[in-house]
Amino acid sequence: MKWDLTKQNDLGTSKEIQNDLLDCILEVCHEEIIKQINRASYLAIVAAETTDISGKTQLVTIFRYVFNGEPVERFWNYMNPEKCDTLILSQDIF
């Protein structure tokens, strides 16, 4: 296979390649967070919802736990739920 470094895809800078790399990084981070949570004595889930100026609902989920005697706060995800009701938000979080 011959690489043409004048093409964006061959440089590894296309949006698809960048998004694939970010997804892989997120997966590794989530795996590490899950390992830490499984060893933690306590866990708190923080779900903060807000609506932006255009009326779009935004939800962020954060985990708080104690790991190796130190409090830890880890970002888990960000999403735009379809609606802002208890059922939809709980399904999106879990």
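What pairs come out if I take residues in the range 55-73 that are under 18 Å from His30 (Cα atoms) and at pLDDT below 90 and pair them with residues that are not in a strand (DSSP E or B) and not aliphatic (A, V, I, L, M) whose C-beta lies under 7 Å away, six or more apart or interchain?
Hits for this filter: Leu59/Pro81; Leu59/Asp92.
Does Lys83 satisfy being basic (Lys, Arg) and either touching a Lys or Arg at 6+ places or on another chain (Cβ under 8 Å) or assigned to a helix (DSSP H, G or I) (or both)?
It is false that Lys83 is basic (Lys, Arg) and either touching a Lys or Arg at 6+ places or on another chain (Cβ under 8 Å) or assigned to a helix (DSSP H, G or I) (or both).
Looking only at the range 39-53, filter to residues that are assigned to a strand (DSSP E or B) and not acidic (Asp, Glu); which one of those is farthest from Ile25 (Cα to Cα)?
The extreme case among them is Thr51.
Considering only the range 54-74, I want to know if a residue exists there that is assigned to a strand (DSSP E or B), surrounded by fewer than 12 Cβ atoms within 10 Å (Cβ to Cβ) and of a type in the set (Gly, Ala, Ser).
No; the residues of the range 54-74 include none that is assigned to a strand (DSSP E or B), surrounded by fewer than 12 Cβ atoms within 10 Å (Cβ to Cβ) and of a type in the set (Gly, Ala, Ser).
Just name the residue that is nearest to Glu27 (Cα to Cα) out of those in the range 80-94 that are surrounded by fewer than 13 Cβ atoms within 10 Å (Cβ to Cβ) and of a type outside the set (Gly, Ala, Ser).
So, considering only residues that are surrounded by fewer than 13 Cβ atoms within 10 Å (Cβ to Cβ) and of a type outside the set (Gly, Ala, Ser), the one nearest to Glu27 (Cα to Cα) is Phe94.
Among the candidates Ile25, Ile33, which residue alone is in contact (Cβ under 8 Å) with a residue 40 or more places away in the chain and either part of a helix (DSSP H, G or I) or among the basic types (Lys, Arg) (or both)?
Testing whether each residue is in contact (Cβ under 8 Å) with a residue 40 or more places away in the chain and either part of a helix (DSSP H, G or I) or among the basic types (Lys, Arg) (or both) leaves just Ile33.
The values are calculated or read from the model by the stated rules, or taken from the named source; none is laboratory data. Quick caveat: nothing in here was measured; it's all calculated off a predicted structure. FYI the Cβ positions are ideal-geometry reconstructions off the backbone, even for glycines, and counts take in every protein chain you see.
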